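Q: Dumping the structure here so I can ask a few things about it.
No value in this document is a laboratory result; all are computed from the given coordinates. Only a predicted model underlies this, so the values are computations on that prediction, with no experimental measurement involved. Here the Cβ positions follow ideal geometry from the backbone for every residue, glycine too, while neighbour counts run over all protein chains shown.
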Amino acid sequence: MLDLVLPLECGGCGAPATRWCDACATELVVRPDEPHLISPRIDPGVPVFALGRYAGARRQAILALKEHGRGDLVTPLAGALATGMHRLLSWGMVDTPLTIVPAPTRRLAARRRGGDPVTRIATVAVAGHPDIGVVQALRMRALARDSVGLGSAAREHNIAGRVVLRRQRPHTDVVIVDDIVTTGATARESARMLRAAGLRVAGVLAVAAA
Ligand SMILES: [Zn+2]
């Protein structure tokens, strides 16, 4: 129902009469050497990969999904994530069976935005892959402020100690998936908690690196 009342425009560039134009689709294509290994300021202790920079159509699509309820953009973002996962598998960076753990979002923020977008993207990305599951094993304690607009020190302080395990646990090696990796603070806390639970964290894969 929600889709019907949204104006028909590209979620990447605003072009009329299409939800996702060819130019934006091209921008999101995962090239043969991607995802790239990146070095966030705060080292999460595991390899961090990003499908591209947080800019242009990629940035607009992530924002439109998170802030403006553009659920139709889950499909192109999930397509890119799926290609990225295939690359990590073919490079031997990860192995199946594998569980994707979405990076935790502040629960209230996720609810307000129509469900956790990272979980939605990950779930669509691995649909049909029986050896790769998605388990929401982490949550962000309510104390954590939404990190939008915080600098790196404030962001790290905001996240420290506030990522907690949920009852549902993966039974395989784990890849943490996030929409945007900025300072690496969330990735580090997430990896730390999962390792403390005895899990092997193979790496982090983000749709965008800011
Ligand atoms: Zn476009």
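Q: Using the scaling law 2.2 N^0.38 Å as the reference, what is the normalised Cα Rg of the chain? Walk me through the numbers on the way to the answer.
A: Details: Rg = 16.3 Å, N = 210, 2.2 N^0.38 = 16.8 Å.
In units of the 2.2 N^0.38 Å rule of thumb, it is 0.97.
Q: Further, regarding this structure: As a test of the formula, what do you get for the chain when each DSSP H run with n ≥ 4 contributes -39,500 (n - 2.57) and the sum is divided by the residue count, at 222 nm and rounded to the nearest 500 deg cm²/dmol?
A: Values: 8 runs with 75 residues, N = 210.
Roughly -10000 deg cm²/dmol at 222 nm, from the helical runs in the chain.
Q: Under a Cβ-only charge scheme (Lys and Arg +1, Asp and Glu -1), can you give me the dipole magnitude of the chain about the Cα centre, in debye to the nearest 20?
A: Details: 27 positive and 18 negative charges, 199 e Å.
It comes to approximately 960 debye.
Q: Let me ask something else. Cysteines of the chain lacking any other cysteine beta carbon under 4.7 Å?
A: Result for the chain is Cys13, Cys24, no neighbouring Cys Cβ within the cutoff.
Q: Nearest 10 degrees is fine. How inclined is helix 185-196 to the longest principal axis of the chain, computing both from alpha carbons?
A: 40 degrees
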